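What follows is a short report on a single structure.
The values are calculated or read from the model by the stated rules, or taken from the named source; none is laboratory data. Since the structure is predicted, the reported quantities are computational estimates derived from the model, not experimental observations. Because the Cβ atoms are built from the backbone with ideal geometry, glycine has one as well, and the counts that use them run over all protein chains shown. With ligands, DNA and RNA removed, areas are computed over all heavy atoms of the protein, side chains included. Shrake-Rupley method; radii C 1.70, N 1.55, O 1.52, S 1.80 Å.
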Amino acid sequence: MRGSVLFLFFIITSVCIKAQTAGNSISGRVMDSTSGTALEYATITLYATNSNVPLTGTVTDKNGTFIIKGLDDGTFTILFEFIGYKTFSLQSVSLNKNKTTADLKNILLARQKNTLQTVVVSGQTKLIENKIDKIVYNAEKDISSQTGVAADVLKKVPQVSIDADGNVQLAGSSGVRFLVNGKPSTAFGSSITEVLQSIPASQIKSIEVITNPGARYDAQGLGGIINIILKSNNAKGYNGNLSLTAGTRVENGSFNFNTRKNNLGINIFISGNKRLNAKTLLSSARVTNDSNQLNLLQQQGENKIERHGFQAGGGFDLTFRKYNNLTGSVSFNNFGNTASGLTNQLLEINKGSAEPVQLSVIEANNKFQFKNVDASLNFKKTFTKEDQELELGFNTSFGNNHQASANEQFSLPQDSLFYGTKSDNPGHERETEITLDYTQPLTKEVVLGIGSKASFDNFTSTSNILRYNPLIQIFDSYPSLNNNLDYKQQVYAAYSELSFPVGKLFQAKLGGRFERTDVNSFYSNAQQQVKTPGYNTFVPSIFFSKKIGEDQTIKLAYSKRIERPDYGDLNPFVNTNDPKNLSAGNPYLKPEIGHRFELGYSRDISAKGSVMMTLFYRINEDDIQPFIVYYPSYKVGDSVFNNVSVTTRQNIGQEKNMGLILFGDLHITSKLAVRSNVSLFKRHTINKVDKGYNSNSFNYRFNLNTNYQFTSTLLAEFFGNFNSARHEAQGNYPSFTTYTLALRKQFWNKKGSMAITANNFLNKNVTQKTNLFGPGFSVDMVRKIPFRSIGINFAWKFGKLEFKKENPEPDSNLNPTGD
């Protein structure tokens, strides 16, 4: 592994050195040929002469000017494009040692008089953009993920990792705040894994990753924020896209339609996803020490699961009186799964003694369904003064979930039922937010932002349990296991942040956020109601940024974060579906507090690509982790369970992480591009629950993404990802390897495409070995999870964009013609 890291470092270094010697540049200004008005956001694309593969490109600024730096010697063709204007091509622009710069002066574009039919607008947006406070992964440019789901896209995002079960970590932390289009959803509160397995990748435009959120963002989420941006388009006229995928494990489809006339834009979408029935093989062996008596519990079986998801919605965008903008959206989501399992169980009391071995088999059936509606209405007012803005937002999300399960345990060889439960668990959740944000430029370079937010979460659920009564051989009500939950949480927040330059040294952004949290909860089966006192949290954030030339940036950041336990973590209800492995919530959990320091360096190497390097240090106080405790006997209601392990979540103590993240996006040739992301970090866990069980581990993650453009319409891609094994408070969790090979062919003037994708095609299953241990117990588990899949995707883009000649406003930057 060390050799791989050094090899990558030498590649990046050599490219950087070479780029420093490639100092050629091309500049100019793009204008309307009739009025002389500067054209902002005009697209400039650079090609090597006699090649149809773009080398690099840029867009014009508000003055219509552009510059492309870091070019090698050669002869180029330059294409100038702007919506509603005729494309202009400039041939044979040469750069060499005698001519290192080319000033093209004014490039005049003529207006397109005709209506454009079925227009496809393509820019030179990078796959990954490194902005001052976030990383943006433009997922719609990624071909190998299009046959999959949101979880497949997330695997490729820098600093994000996903294990074999779909659990997400950001910069080594599982405390992630998920948003959709910048807004929260009750869907993620119900089951993050289900949502990420149910959103088609073809529906995602981009993913934003914010590891050090500023004061404007919520303090929730230790690892940071992941914002999933769904596809939409604000171009005038109408446009849309259709995507259909068929595969051995995943089937999905999505349709988007956008239309805009004058100041009103409307978009609608619908998507669906189904993950076909998959069988996971599992086995475990648990050894417990009870009063110097060794007990062995062996379990072996299989679990089958099928997932499905459906989404539909729409939105509008209205601009009125020039400076006022009103947007709204509503979406309906339906996610769920059905699962069944069969587990053979062997229990040996006092291992090695003459006592008989107890044999049994467990049959389990589970069904989960979640439906919710997300709605938002936002008003934004701009002013004549640049960057002065007022925003008012209202977001609400309400959903219903329903979980039902049935578990029966039969003794062998008689095959007689002796234990079983049936549960029905409906729940209702509502989340509402009201936000107010104001930005005021104090000077041209000093900007003040202030705002406030109020959020209200309410969750209620009922668990009705039937338990098998062997005396009368029927399932009857078992009140001591039933549970009613009513959970309310209110968070009130206010913030301010100031952006300003420190002389000519660097840019600074300082912020502070105050949050007040109040929780009111009721758990019907708790032995005593535990009142959670309200608490205050102050969250500072500090950003320093220094640009070196036009293509290098150094950033230093600090932020404080909080991870509040939710109702699922706090609910003391005991799940007894498997009478030897119980699980329960912990109403005594305290919020987890995290501090993250980050030093980053990024460099754009023009046509050669870009590199990013990040050093980070994070410390978590009252760290929350899943925790297993073994009990010789454990009482639930009026029942006693013997020889059981109980899993809860605990504030285990303190966790420290220190590491390095490297990312490189290198264009080796005009046809070959290589991207790689390497994460190296050391984790130190101080276990204050089971003292003496502290742990130290070195973790690393590596992925490689290679694209090769055979022709302008044929592209191949390979993606491979490896996560090392990791050590947590109670044991070792396995490594995880995935790889993908994809091929895409475009046709119909690049409006249509077909893609074939193969994931983990060399092996049917991924084997996961886990070892857990604590006082009085140790557990070894092996799971074989089906991962091999082959899929084919069809995509089609369409549109009809209309342009009308407008009376241009005069550009104050132009010299007056005189009267």
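Restricting 3, 28 to those that are modelled with pLDDT of 50 or more, of a type in the set (Gly, Ala, Ser) and either under 30 Å from residue 701 (Cβ atoms) or surrounded by 18 or more Cβ atoms within 10 Å (Cβ to Cβ) (or both) reduces the list to 28. Evaluation of residue 376 against the conditions (1) touching a Lys or Arg at 6+ places or on another chain (Cβ under 6 Å); (2) free of Cβ contacts under 8 Å to residues at least 40 places away in the same chain shows that the sole unmet condition is (2). The strands (runs of 3 or more DSSP E) found wholly in region 171-247 include none carrying at least 2 residues that are under 24 Å from residue 792 (Cα atoms), open to solvent by 20 Å² or more (accessible area, probe 1.4 Å) and β-branched (Val, Ile, Thr).
Check 272, 253, 301 and return the single one that is surrounded by 18 or more Cβ atoms within 10 Å (Cβ to Cβ), within 23 Å of residue 368 (Cβ to Cβ), touching a residue at least 12 places away in the same chain (Cβ under 8 Å) and more than 30 Å from the chain's Cα centre (by Cα). Let's see the steps before the verdict.
Working: 272 fails: more than 30 Å from the chain's Cα centre (by Cα); 253 fails: more than 30 Å from the chain's Cα centre (by Cα).
Selected residue: 301, the only one of 272, 253, 301 that is surrounded by 18 or more Cβ atoms within 10 Å (Cβ to Cβ), within 23 Å of residue 368 (Cβ to Cβ), touching a residue at least 12 places away in the same chain (Cβ under 8 Å) and more than 30 Å from the chain's Cα centre (by Cα).
Does residue 615 meet the test of being under 30 Å from residue 69 (Cβ atoms) and open to solvent by 30 Å² or more (accessible area, probe 1.4 Å)? The answer is yes for residue 615.
Mind telling me which of the residues 480, 521 ends up being within 27 Å of residue 400 (Cα to Cα) and not in a strand (DSSP E or B)? Break it down stepwise before answering.
Working: 521 fails: not in a strand (DSSP E or B).
Result: 480 is the single residue among 480, 521 that is within 27 Å of residue 400 (Cα to Cα) and not in a strand (DSSP E or B).
Kindly establish whether residue 438 is under 30 Å from residue 574 (Cα atoms) and either among the aliphatic types (A, V, I, L, M) or in a strand (DSSP E or B) (or both).
Answer is no for this residue.
Go through (1) closer than 24 Å to residue 627 by Cα; (2) open to solvent by 30 Å² or more (accessible area, probe 1.4 Å) for residue 574 and report which single condition fails. Here residue 574 clears every test but (2). Residue-level check: of (1) hydrophobic (A, V, I, L, M, F, W, C); (2) assigned to a strand (DSSP E or B); (3) open to solvent by 40 Å² or more (accessible area, probe 1.4 Å), residue 762 misses just (2).
Looking across region 306-323, the residues that are open to solvent by 40 Å² or more (accessible area, probe 1.4 Å) and either among the aromatic types (Phe, Trp, Tyr) or within 30 Å of residue 579 (Cα to Cα) (or both) come down to 307, 308, 310, 316, 320, 323.
Apart from one condition, residue 692 fits all of (1) touching a strand residue (DSSP E or B) at 6+ places or on another chain (Cβ under 7 Å); (2) at pLDDT below 90; the exception is (1).
Only one of the numbered conditions (1) open to solvent by 20 Å² or more (accessible area, probe 1.4 Å); (2) part of a strand (DSSP E or B); (3) over 11 Å from residue 25 (Cβ atoms) is not met by residue 93, and that is (1). Based on this model, can you work out whether residue 398 counts as open to solvent by 30 Å² or more (accessible area, probe 1.4 Å), in contact (Cβ under 8 Å) with a residue 40 or more places away in the chain and aromatic (Phe, Trp, Tyr)? For residue 398, the condition - open to solvent by 30 Å² or more (accessible area, probe 1.4 Å), in contact (Cβ under 8 Å) with a residue 40 or more places away in the chain and aromatic (Phe, Trp, Tyr) - is met.
Of the residues that sit in region 700-714 and are of a type in the set (Ser, Thr, Tyr) and in a strand (DSSP E or B), which one is nearest to the chain's Cα centre (by Cα)?
Taking region 700-714 and keeping what is of a type in the set (Ser, Thr, Tyr), we get 700, 706, 708, 711-713.
Within this subset, residues satisfying the condition of being in a strand (DSSP E or B) are 700, 706, 708, 711.
Working: 700: 19, 706: 22, 708: 26, 711: 32 Å.
Restricting to residues being of a type in the set (Ser, Thr, Tyr) and in a strand (DSSP E or B), the top hit is 700.
Among the numbered conditions (1) touching a residue at least 12 places away in the same chain (Cβ under 8 Å); (2) open to solvent by 50 Å² or more (accessible area, probe 1.4 Å), the only one that residue 356 does not meet is (1). Here residue 363 meets the list (1) more than 22 Å from residue 465 (Cβ to Cβ); (2) surrounded by fewer than 18 Cβ atoms within 10 Å (Cβ to Cβ) almost entirely, failing just condition (1).
On inspection, residue 733 fails the criterion of being out of contact with any Cys (no Cβ under 6 Å at 6 or more places or on another chain), over 30 Å from residue 576 (Cβ atoms) and open to solvent by 40 Å² or more (accessible area, probe 1.4 Å). The set of residues from region 672-699 being in contact with a Gly (Cβ under 9 Å, 6 or more places away or on another chain), open to solvent by 10 Å² or more (accessible area, probe 1.4 Å), among the aliphatic types (A, V, I, L, M) and assigned to a strand (DSSP E or B) comprises 673, 674, 680, 686.
Does residue 669 qualify as being modelled with pLDDT under 90 and surrounded by fewer than 17 Cβ atoms within 10 Å (Cβ to Cβ)? So residue 669 fits the description; yes. Each residue in region 40-58 was checked for being in a loop (DSSP other than H, G, I, E, B) and surrounded by fewer than 20 Cβ atoms within 10 Å (Cβ to Cβ), and 7 of them qualify.
If we scan region 563-585, do we find a residue that is over 27 Å from residue 646 (Cα atoms) and not basic (Lys, Arg)? No.
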